[in-house]
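The values are calculated or read from the model by the stated rules, or taken from the named source; none is laboratory data. Keep in mind that what you see is a predicted model, and the values were worked out from it rather than measured. All Cβ positions, even for glycine, are placed from backbone atoms using ideal geometry, and neighbour counts span all protein chains on display.
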Amino acid sequence: MTKLWMCTALVLTFVSLGQAQTAAATPPMGWNSWNHFACKVTAADIRAAADAIASNGMKQAGYTYVNIDDCWQGKRDAQGNIRANQRFGDMKALADYVHSKGLKIGIYSSPGPKTCAGYEGSYRHEEQDAKQYAAWGVDYLKYDWCHTSTQEAKASYANIRAALDAAGRPIVLSICEWGTAKPWLWGQEVGGNLWRTTGDINDRWGGKQKWPDGSCCSNGVLGILDQQVGLQSYAGPGHWNDPDMLEVGNGGMTDVEYRTHFSLWALLAAPLIAGNDLRNMRPQIHDILTNKEVIAVDQDALGREGERVAKNGELEVWAKQLKDGSRAVILLNRGESEQEITANWEDLGYPATLSGAVRDLWDHKDLGKKTGKFSARVAPHGVVMVTVKP
């Protein structure tokens, strides 16, 4: 390899990584079809989701992507080009419709020959599929690690990133590898914008739980939360740890638990990808998903992921540094009875003598200046979420 070619290759690599990270400078926000519709999803459902986001305040709150998950694919044509099935039809027209609402559209595939639901994957068709997505106007690709027993994860995701870049359209790459091969160690290197850190989320409060067939595991909110501990250094602008999509509003938890779920994901600088039926959303769920003060914590330009800074049994304190030097703080009660929880300034990285202005992000009110610590009563399975500003 000549020195000129080596330099050119390095420049192209840096340009590719720069473009990829610019595409997700803050954690992506949007909606995905899987948690509510699964394989029953249709083009009409995608259009309805775009209509809802554009009209119900979610777009103004920052939700941008309307993402189609598994089960959209039909058969390949004689040239090997992927086609949509009869429930979707003209994908370019669908993408144009979503774009006409001022939103972006996402799509789904797998590095394997089949997707998780048994539809056409991208194995040995990566360049063809990337070109097709670009021609349709796709803005986001979730790439799910199914039917891949003979493949190496890092190489497979590097391969699709190169194909997406060659297709000439900026496309966010969501690495859905479930954390098995520790994608936080290499996801940024291969041009991923976000990478799943766990298996699939389940619409419930608790920890890990085996599926009915005995295989492992479905994850409730707490199970996924615990798996984020220690990963915060791998996240930052353009490359995010992904604890999976939001279950807010799908019916398996209480509104208190959904508020906790949303608060924690925001503090974790997680992608905020809703997954409920936006056409039939209760006002309480709408208010959770569109709380702009909580969303601002998730979207803070510093790009720090929050972390657990104190734990006393079922009582925990989580904190995140914000760009203006303040801290977002969550008092989390994992237990079954109301408890008082205290956040000490020293655990937040502040001196004990600091006087900090405290604001409640759910009650939307200032709580005055506090010195050394902040305490509050917290409902079971609930949170108190505040900012502390010196």
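What to note about this one:
- Taking the criterion of being within 8 Å of the chain's Cα centre (by Cα) and either among the acidic types (Asp, Glu) or surrounded by fewer than 19 Cβ atoms within 10 Å (Cβ to Cβ) (or both), the residues of the range 232-248 that qualify are Asp242, Asp244.
- When each of Thr180, Thr198 is tested for being part of a loop (DSSP other than H, G, I, E, B), closer than 17 Å to Ile273 by Cβ and among the hydroxyl-bearing types (Ser, Thr, Tyr), the lone residue that passes is Thr198.
- Check on Ala274, in contact with a strand residue (DSSP E or B) (Cβ under 9 Å, 6 or more places away or on another chain), closer than 18 Å to Asn35 by Cα and at pLDDT 95 or above: yes
- The criterion of at least 3 residues that are within 22 Å of the chain's Cα centre (by Cα), crowded, with 16+ Cβ neighbours inside 10 Å and modelled with pLDDT of 95 or more is met by the following strands (runs of 3 or more DSSP E) wholly inside the range 277-351: 315-321, 327-333.
- Only one of Asp324, Asp287 that is assigned by TED's automatic domain parsing to the domain that holds Lys370 and out of contact with any Cys (no Cβ under 8 Å at 6 or more places or on another chain): Asp324
- Selection within the range 179-205 - farther than 21 Å from Tyr65 by Cα and either aromatic (Phe, Trp, Tyr) or not assigned by TED's automatic domain parsing to the domain that holds Asn35 (or both): Trp184, Trp186, Trp205
- Which listed residue is among the aliphatic types (A, V, I, L, M) and assigned to a loop (DSSP other than H, G, I, E, B), from Ala117, Ala155, Ala135: Ala117
- Taken together, Pro170, Pro183 contain a single residue that is of a type outside the set (Ser, Thr, Tyr) and crowded, with 24+ Cβ neighbours inside 10 Å, which is Pro183.
- Any hit, the range 72-87, residues being in a loop (DSSP other than H, G, I, E, B) and under 23 Å from Asp287 (Cβ atoms): no
- Qualifying residue in the range 199-217 (condition: over 29 Å from Ala135 (Cα atoms) and buried (at least 24 other Cβ atoms within 10 Å of the Cβ)): no
- Residue identified as without any contact (Cβ under 8 Å) to a residue 24 or more places away in the chain and in the same structural domain as Lys104 (by TED's automatic domain parsing) among Pro243, Pro237, Pro212: Pro212
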